[in-house]
Amino acid sequence: MDVAIISLSMQESCQANLFFATGNKDQERILDICCMVEQVGPTLCASLIGLHAFTGCDSTSSFDGKGKATFFHLVKENNRYVMALTQLGQSFNAKRELITPLEALVCQVYKSNTESVDKARYLLFCTGSKDGASLPPT
């Protein structure tokens, strides 16, 4: 998965068409990365490394009960999130201004009407729908 995400994010800066072999012995597939970038769009693809790292990968924890698809569907509809995740994926030193849109994204994923993770944690805890310890940041 990591290689596919990196390939999609970096296809625009590559001089050649990339192909990605995936699947198992019974269901092998070859994905045309260039074709996928054309379908999804280069701007959204550029945000995928940041999205992948933010939502959990080999070196970061994931969000409780929320998968990458949930985040992806919200991100693709909001240019603010796309730009923040693109910046996150381009730098090892995340800028302070990224906190606000990424916090808003987390709140939207957990269906909170606030853009503050602290307030969202409190509200979800008060409703009894989640244990406060299981909500980000943990």
Qualifying positions in the range 5-50 - in contact (Cβ under 8 Å) with a residue 40 or more places away in the chain and either hydrophobic (A, V, I, L, M, F, W, C) or outside any loop (DSSP other than H, G, I, E, B) (or both): ILE5, ILE6, LEU8, SER9, THR43, ALA46, LEU48, ILE49, GLY50
Residue check for PHE63: surrounded by 19 or more Cβ atoms within 10 Å (Cβ to Cβ) and in a loop (DSSP other than H, G, I, E, B): yes
In the range 74-97, the residues that are at pLDDT 95 or above, out of contact with any helix residue (DSSP H, G or I) (no Cβ under 6 Å at 6 or more places or on another chain) and farther than 17 Å from SER9 by Cα: GLU77, ASN78
Hits in the range 92-110 - residues which are part of a helix (DSSP H, G or I) and without any contact (Cβ under 8 Å) to a residue 24 or more places away in the chain: ARG96, GLU97, LEU98, ILE99, THR100, PRO101, GLU103, CYS107
Lone qualifier among GLU77, GLU103, GLU38 - being out of contact with any Phe, Trp or Tyr (no Cβ under 6 Å at 6 or more places or on another chain) and over 30 Å from LEU123 (Cβ atoms): GLU38
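Among residues belonging to the range 119-128 that are part of a helix (DSSP H, G or I) and farther than 21 Å from GLY67 by Cα, point out the one that is modelled with the highest pLDDT. Working first, answer last.
Of the residues in the range 119-128, the ones part of a helix (DSSP H, G or I) are 119-127.
Still in the running and farther than 21 Å from GLY67 by Cα: 119, 122-123, 126-127.
Details: LYS119: 90, TYR122: 84, LEU123: 84, CYS126: 85, THR127: 82.
Among them, the one singled out is LYS119.
For ARG80, state whether it is out of contact with any Lys or Arg (no Cβ under 8 Å at 6 or more places or on another chain) and in a strand (DSSP E or B). Before you say what the answer is, go through the steps one by one.
Numbers: out of contact with any Lys or Arg (no Cβ under 8 Å at 6 or more places or on another chain): yes; in a strand (DSSP E or B): no.
So ARG80 does not fit the description; no.
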Odd one out for THR100 among (1) at pLDDT 85 or above; (2) hydroxyl-bearing (Ser, Thr, Tyr); (3) farther than 21 Å from ALA46 by Cα: (3)
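Just the residues that are acidic (Asp, Glu) and out of contact with any Ser or Thr (no Cβ under 6 Å at 6 or more places or on another chain), please, taken from the range 63-77. Before the answer, list the steps.
Kept after step one, since they are acidic (Asp, Glu), are these residues of the range 63-77: 64, 77.
Selection gives GLU77 alone.
Identify, please: which residue in the range 25-60 is among the hydroxyl-bearing types (Ser, Thr, Tyr) and loosely packed, with under 12 Cβ neighbours inside 10 Å and is, among those, modelled with the lowest pLDDT? Break it down into steps so the answer makes sense when it comes.
Pass one, the range 25-60, residues among the hydroxyl-bearing types (Ser, Thr, Tyr): 43, 47, 55, 59-60.
From what's left, loosely packed, with under 12 Cβ neighbours inside 10 Å: 59-60.
Numbers: SER59: 70, THR60: 74.
Result: SER59.
The values are calculated or read from the model by the stated rules, or taken from the named source; none is laboratory data. These figures come from a predicted structure and were not determined experimentally. Glycine gets a Cβ as well: all are built from the backbone with ideal geometry, and neighbour counts include every protein chain shown.
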